1. Taking the simple approach of a point 7 Å from Cα along Cα-to-Cβ for both ARG84 and HIS50, what is their distance in nm?
2. Hey, quick one: spin label on ARG38, modelled 7 Å out along Cα-Cβ, who in the stretch 61-104 has an amide N within reach, i.e. under 16 Å?
3. Amide H to amide H under 5 Å from VAL40: which residues, 5+ apart in sequence or cross-chain, H placed 1.01 Å off N in plane?
Amino acid sequence: MAGALDQSAFSSWLEPHIVTIGSPAPYPDPERAWTVPRGVRAQEAAGVIHSDLEKHFIRAETIRWDELLDAGSEANARSKGTLRLEGKDYIVQDGDVMHIRHSG
């Protein structure tokens, strides 16, 4: 259903790699949201979660939280082209939801 995302699907996709900028995130489980300063690169944002994620960073699957909710699932977002891969130099934007790919 567009505009709604099953919380268990949302939580499993996000576990444990969410990054947002600024105030607390509007996610179902704010304990899985990390706040980073404006202008931070994706690799540095991964380090806010855990230093090993920064050290072994490969890429970040990234989508705006409202686009994820509209898509209803990660699979739908991927098929619509709204889920994208970003490299270590990507500047994290307010409202980004990121699943960090790493080799650690």
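1. Here the modelled spin labels are 2.8 nm apart.
2. It comes to 91-96, nothing else.
3. VAL92
Quick note: the coordinates plus some simple rules give every number you see, no bench work behind them. Computed from a predicted model, the values in this text were never measured in an experiment. FYI the Cβ positions are ideal-geometry reconstructions off the backbone, even for glycines, and counts take in every protein chain you see.
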